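A quick write-up on the structure given underneath.
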Amino acid sequence: MSINEMENKAKELKELTRMQEELTAEISTLQDAIKAAMGDQEQLVAGAYKITYKPVTSSRLDTTALKKALPDIAERFTKATTTRRFVIA
């Protein structure tokens, strides 16, 4: 692929990413409006749509507290991973 083609692809990707960010913000705004309208209701039927907004409980390991309370054990079970980060600046 030539430098010119690469530049065009990078430009297109940046524009699509910008559009995606705008859509994500718009989606979030609409979701927030629906959640606010629902108030404490967990379920609502709006025409053909069934909308639910229920609490979900999950358990996660508090790694900060583990590292503070038992640093040696936290170190033993900490696994380093390597990834590649893709960025267009």
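Laboratory data are not the source of any read-out in this text; all were calculated from the coordinates shown. Keep in mind that this is a model prediction, so the values were computed, not measured. Cβ: placed from backbone, ideal geometry, glycine included. Neighbour counts: every protein chain shown.
Below is a table of values for the structure above.
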{"read-out": "Complete set of residues in segment 15-58 that are part of a loop (DSSP other than H, G, I, E, B), exposed (fewer than 10 other Cβ atoms within 10 Å of the Cβ) and not acidic (Asp, Glu)", "value": "39, 47, 48, 54, 55, 56, 57, 58"}
{"read-out": "Segment 1-14, residues that are loosely packed, with under 10 Cβ neighbours inside 10 Å and assigned to a helix (DSSP H, G or I)", "value": "3, 4, 5"}
{"read-out": "Leading residue by the ranking (surrounded by the most Cβ atoms within 10 Å (Cβ to Cβ)) among those in segment 61-89 that are in contact with a helix residue (DSSP H, G or I) (Cβ under 8 Å, 6 or more places away or on another chain), hydrophobic (A, V, I, L, M, F, W, C) and more than 30 Å from residue 9 (Cβ to Cβ)", "value": "74"}
{"read-out": "Contacts under 9 angstrom Cβ, first residue in segment 63-80 being outside any helix (DSSP H, G or I), partner surrounded by 10 or more Cβ atoms within 10 Å (Cβ to Cβ), 6 or more apart", "value": "77/66; 78/63; 78/67"}
